[in-house]
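A short reminder: the numbers here are calculations on the coordinates, not readings from a lab. Values in this document were obtained by computation on a predicted structure and should not be read as measured data. A quick note on method: Cβ atoms are made from the backbone with ideal geometry, for glycine too, and the neighbour counts reach across all protein chains shown.
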Amino acid sequence: MTDCLLSPPADAVAADVDLDRARKVRDEVVQLTKDLPAHVPPRAQLEPAVAELRVYVEDLVCDVGALIATEEDPAERQTAQWLLGRDRQLLEATPAATDLAAAVHAQDMALCCRALAGLYERQTKGADRAPED
């Protein structure tokens with residue numbers, strides 16, 4: 001697990017995350033788990049996508065953690081901190097005992113990835129934007 005997941009450095013942002021690929025993998029996981037609990041995908045079908053998604057979530061947790069440290073809006077900062085805490089819990093969770101639990105965990109990670117990517121884009125695009133008059 002990446003060191004910044006434990007305590008993100010305020011001034012370090014990892015290399016740009018491939019958000020297009022992260023979206024594709026995230027959407028694949030959402031598609032595989034969309035019919036839960038009626039249809040549970042086999043763990044073997046989920047594992048490759050979840051392994052790749054995990055890397056994106058780890059990178060986004062590090063990047064968003066560093067970016068949010070400079071956020072001026074306390075509500076935005078608190079929301080991001082809550083989400084980062086939730087993502088750390090997902091990343092540190094022990095492997096699920098059943099296929100259903102593994103699929104729910106994968107779906108949770110995909111949805112958190114969506115939220116993290118949104119925060120990441122808002123923070124990085126916001127830094128490039130000129131102030132509005």
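Which GluC sites (Glu not before Pro) in region 43-107 sit in a loop by DSSP (not H, G, I, E or B) and have at most 12 other Cβ atoms within 10 Å of their own Cβ? Sites meeting the loop and neighbour criteria: Glu72. Shown here for region 70-129: trypsin sites (Lys or Arg not before Pro) in loop regions (DSSP other than H, G, I, E, B) with at most 12 other Cβ atoms within 10 Å, namely Arg129. Here the Karplus curve 6.51 cos²θ - 1.76 cosθ + 1.60, taken at θ = phi - 60°, turns the phi angles of region 68-80 into couplings of 6, 4, 9, 5, 7, 7, x, 5, 5, 5, 5, 4, 5 Hz, with x standing for Gly and Pro.
Available extension along the chain between Asp20 and Lys34 is 3.0 nm, counting 0.36 nm per residue and deducting the alpha carbon span.
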